[in-house]
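> Supplied in structure tokens, the structure appears directly below.
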Amino acid sequence: MTHLILNPDSTDRIELQKFLEARGVQTYTFSCPGRDTIAAINVDAAELHTRLFPGENYRLVQIETSYILASRKMQPESTVITTRFNKTIGGKDLAVIAGPCSIESESQILTAATVVKETGASCLRGGAYKPRSSPYAFQGTGEKGLRMLKEAGDKVQLPVVTELLDADDLPLLREYCDIIQIGARNCQNFALLKKVGKIKQPVLLKRGLSTTIEELLLAAEYILSGGNMQVILCERGIRTFEHETRNTLDISAIPLLKQKTHLPVIADPSHAAGNWRLIEPLSLAAVAAGADGIMIEMHPTPKTALCDGKQSLNPEKFRHVMENIRNLSKYCRGRK
Ligand code: PEP
Ligand code: MN
């Protein structure tokens with residue numbers, strides 16, 4: 001299929017967009033920082049050429065994949081997402097997102113935030129609404145937790161990320177957090193994806209437990225086609241026959257995604273492994289495979305954690321892992 005991408009500085013932008021829309025062609029505006037352009041899906045190239053639009057105003061691309069806006073053919077340069085306190089994901093520095101599985105108390109999240117900040121990580125994580133397998137398990141601290149997360153992030157000057165479980169909570173999350181996480185279980189909740197496609201905040205989209213790479217990219221496409229181009233993909237392990245680990249970290253997904261899409265790709269070894277002892281080797285493997293970042297669960301006292309204590313590093317171990325990740329990252333690609 002042929003798609004058209006307008007050059008950002010095209011003088012005929014509005015006219016060309018009107019021309020396409022009059023012919024029933026769907027157009028999408030890319031508005032990444034530093035660029036603003038329009039993509040038109042499935043155009044009739046022959047008809048376009050008969051019009052008097054100078055060629056340099058647009059380029060035509062052939063994309064055979066089911067996902068279009070997420071494709072690197074549509075946008076060859078990697079997307080860099082800049083969040084609060086000037087932290088970037090997808091840029092030259094490795095982005096580390098760390099913190100507890102769940103926000104439990106003010107002191108717990110503040111202690112975690114202080115450690116995350118000291119190590120030079122870029123973002124604080126913490127769940128307030130938890131997607132638990134059992135309805136009897138701890139479900140999260142809700143709005144109180146969101147407030148504690150934001151206060152801790154503000155105090156140490158780090159952006160915060162938390163999971164959106166229910167579309168009704170979107171206004172609250174927009175108020176309290178910088179990056180909205182769509183968890184593995186909601187990776188293909190298309191109604192929820194459409195909702196976060198309409199907002200301006202970055203979305204961290206986790207791969208579903210049985211989602212193929214193409215399905216993950218199509219899930220991202222739901223958000224992109226809504227107008228939100230700030231999507232971060234996260235490989236967090238998939239379900240396989242193997243039971244020694246909670247899930248199986250699909251390392252090949254990282255370089256494959258980096259080749260197929262311009263979106264930043266991070267890895268979450270905590271939910272992949274379910275075991276803190278595997279966090280360091282899997283993090284190093286993900287960095288070596290080209291990940292733009294890592295998401296790690298760290299708890300001030302993992303033994304007392306209300307959720308995912310077994311896969312959480314304590315502050316001392318986290319500092320050690322961070323040092324090794326940084327060293328490898330510098331070695332691999334000369335970035336922090
Ligand atoms: C989480 O990050 O807290 C989480 C629940 O992860 P996932 O959706 O990958 O299971
Ligand atoms: Mn967790």
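> Quick one: dipole size for segment 214-266, taken about the Cα centre, charges +1 on Lys/Arg Cβ and -1 on Asp/Glu Cβ, in debye to the nearest 20.
140
> Sort out for me the Cα centre separation of segment 260-336 from segment 71-124, rounded to whole Å.
So the two Cα centres are separated by 12 Å.
> Using a 1.4 angstrom probe on the protein heavy atoms only, could you order GLU215, GLU221, GLU244, GLU106 from most to least accessible area?
Order by accessible area, largest first: GLU244, GLU106, GLU215, GLU221.
> Turning to a different aspect of this structure: Within segment 135-226, report the trypsin sites (Lys or Arg not before Pro) that DSSP leaves as loop and that have at most 12 other Cβ atoms within 10 Å.
LYS198, LYS200
> With a 1.4 Å probe and every protein chain left in place, work out the accessible area per residue of the chain in Å², rounded to a whole number.
Values: 14490 Å² over 336 residues.
Per-residue value: 43 Å².
> From the phi of every residue in segment 139-153, what ³J(HN,Hα) in whole Hz does the Karplus formula 6.51 cos²θ - 1.76 cosθ + 1.60 yield, where θ is phi - 60° and glycine or proline is x?
Ordered by residue, 3J(HN,Hα) equals 9, x, 9, x, 4, 4, x, 4, 5, 5, 5, 5, 4, 5, x Hz.
> Simple spin-label model, 7 Å along Cα-to-Cβ: GLU15 to THR301 in nm?
If labels sit at GLU15 and THR301, their model points lie 7.1 nm apart.
> Roughly how many percent of the accessible protein surface of the chain is carbon and sulfur, given a 1.4 Å probe and a whole-percent answer?
52
> Length gain on complete extension for the stretch LYS330 to ASP166, per 0.36 nm per residue less the alpha carbon to alpha carbon distance?
55.1 nm
> While we're on this one: Per residue and in cubic angstrom, what volume does the convex hull of the Cα atoms of the chain have?
Spread over its residues, the Cα hull of the chain gives 132 Å³ apiece.
> In nm, to one decimal, how far is the modelled label at ARG277 from the one at GLU316, with both set 7 Å along Cα→Cβ?
In this crude label model, ARG277 to GLU316 measures out at 1.8 nm.
> Let me ask you something else. Using the Karplus curve 6.51 cos²θ - 1.76 cosθ + 1.60 with θ = phi - 60°, work out ³J(HN,Hα) for each residue of segment 320-328 in order, rounded to whole Hz, and write x for Gly and Pro.
5, 4, 4, 4, 5, 5, 4, 4, 5
The values are calculated or read from the model by the stated rules, or taken from the named source; none is laboratory data. Since the model is a prediction, treat every value here as computed from it, not as a measurement. Backbone-built Cβ (ideal geometry, glycine too); neighbour counts: all protein chains shown. Note: areas computed on protein heavy atoms with side chains; ligands, DNA, RNA excluded. Shrake-Rupley method; radii C 1.70, N 1.55, O 1.52, S 1.80 Å.
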